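One structure below.
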Amino acid sequence: MHNRGWQSVYCVTKRDAFHGSAPINLTDRLHQVLRWATGSVEIFFSRNNPLLGSRQLKLLQRLAYLNVGVYPFTSIFLIVYCFLPALSLFSGHFIVQTLSVAFLIYLLTITLCLMGLAILEVKWSGIALEEWWRNEQFWLISGTSAHLAAVVQGLLKVIAGIDISFTLTSKSGGEDIDDAFADLYLVKWTSLMIPPIVIAMVNIIAIAVAFSRTVYSTVPQWSKFVGGAFFSFWVLAHLYPFAKGLMGRRGKTPTIVFVWSGLIAITLSLLWVSINPPQVATTDSSTGTGGSTFQFP
């Protein structure tokens, strides 16, 4: 409509204009986000792309629609972000080579910008800080699962011509009088759960490997371990609601979830060890002391 020159007005009423239902359990919520992200990817690869729009679109409208179309692609960078701390712990090298003054200034600037953005979001939306944090957590969960799947489906449709099918999400109508949130504890298996579980398990394994290497090394470098483990714990903190929701009310989770996720995490760990094998500690014949490389006892 905006592309054809129509104008619109955003109206906010004091009372809620509409009441509806929404999925409240983890599986249905991920499927709903997948459908939204898939629609955004379809629009990005269609003739309705804001970059190819008519002159009727204003600059801010182009930016707004472009943001709606490209946000699923941020999942690629988010996946890299979640695996970088584990890669740092496995390799024994920090994420950046040197902590120069220019890098620290850049990091401080980005941090202040993110803090300012968070303050504005909390102020404009009128939500509490805890609710904002829950939204950030689900952003990472959906970004590493549903958004990534939407990008893959969109590319398959454009390149191979494979039609995208989606499943309608079941909405909770609160029909259970005994427990209005009965659907909240319902856990149904979906392949969208695999990437977040793999990310969590790889980071946990990386922390354990780095801790063992630091403990048994000749010259323990605890500062390097703490620096790398901090970023891994930061990723795990975002995935905590996912792990909690995965367990459900009674802690019943399909065994296949842990089996496949564990196999994938172990395979990735062994693949990295084969690519960058740890050096065997050598003993100096003259002094009888070992080197600074790592070796399991």
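One table, with the values for the structure above:
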| item | result |
| --- | --- |
| Scope region 73-88; condition in contact (Cβ under 8 Å) with a residue 40 or more places away in the chain and of a type in the set (A, V, I, L, M); matching residues | ILE76, LEU78, ILE79, LEU84, ALA86, LEU87 |
| Which numbered condition PRO23 misses (of (1) part of a loop (DSSP other than H, G, I, E, B); (2) open to solvent by 50 Å² or more (accessible area, probe 1.4 Å)) | (2) |
| Failed item, numbered, when SER191 is tested on (1) under 24 Å from the mean Cα position of the chain (by Cα); (2) modelled with pLDDT under 80 | (2) |
| Cross-chain or 6+ apart pairs with Cβ under 7 Å, region 58-72 first and part of a helix (DSSP H, G or I), then open to solvent by 100 Å² or more (accessible area, probe 1.4 Å) | LEU66/LEU51 |
| Any chance GLN153 is part of a helix (DSSP H, G or I), open to solvent by less than 30 Å² (accessible area, probe 1.4 Å) and of a type in the set (S, T, N, Q) | no |
| Test: residue in region 200-211 that is touching a Pro at 6+ places or on another chain (Cβ under 8 Å), modelled with pLDDT of 70 or more, more than 19 Å from ALA237 (Cα to Cα) and not basic (Lys, Arg) | no |
| Selection count, region 39-57, where residues are in contact (Cβ under 8 Å) with a residue 40 or more places away in the chain and either in a loop (DSSP other than H, G, I, E, B) or of a type in the set (D, E, K, R) (or both) | 7 |
| Scope region 63-80; condition at pLDDT below 90 and more than 13 Å from PHE44 (Cβ to Cβ); matching residues | LEU63, ALA64 |
| Out of VAL70, VAL96, VAL101, sole residue that is more than 30 Å from ALA37 (Cβ to Cβ) and either charged (D, E, K, R) or open to solvent by less than 70 Å² (accessible area, probe 1.4 Å) (or both) | VAL96 |
| Boolean, SER8 is farther than 19 Å from PRO195 by Cα, surrounded by 14 or more Cβ atoms within 10 Å (Cβ to Cβ) and modelled with pLDDT of 85 or more | no |
| Pair list, Cβ under 8 Å, 6 or more apart: region 214-241 residue modelled with pLDDT of 85 or more, other residue open to solvent by 60 Å² or more (accessible area, probe 1.4 Å) and not in a helix (DSSP H, G or I) | PHE231/ILE95 |
| Where SER46 falls short, out of the listed (1) closer than 23 Å to LYS157 by Cα; (2) open to solvent by less than 30 Å² (accessible area, probe 1.4 Å); (3) among the hydroxyl-bearing types (Ser, Thr, Tyr) | (2) |
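The values are calculated or read from the model by the stated rules, or taken from the named source; none is laboratory data. Fair warning: this is a prediction, and the values are worked out from it, not measured in the lab. Reconstructed Cβ throughout: ideal geometry from the backbone, glycine too, with neighbour counts over all protein chains shown. The protein model used for the area step is the full one, side chains on, heavy atoms only, and it has no ligands, DNA or RNA in it. Shrake-Rupley method; radii C 1.70, N 1.55, O 1.52, S 1.80 Å.
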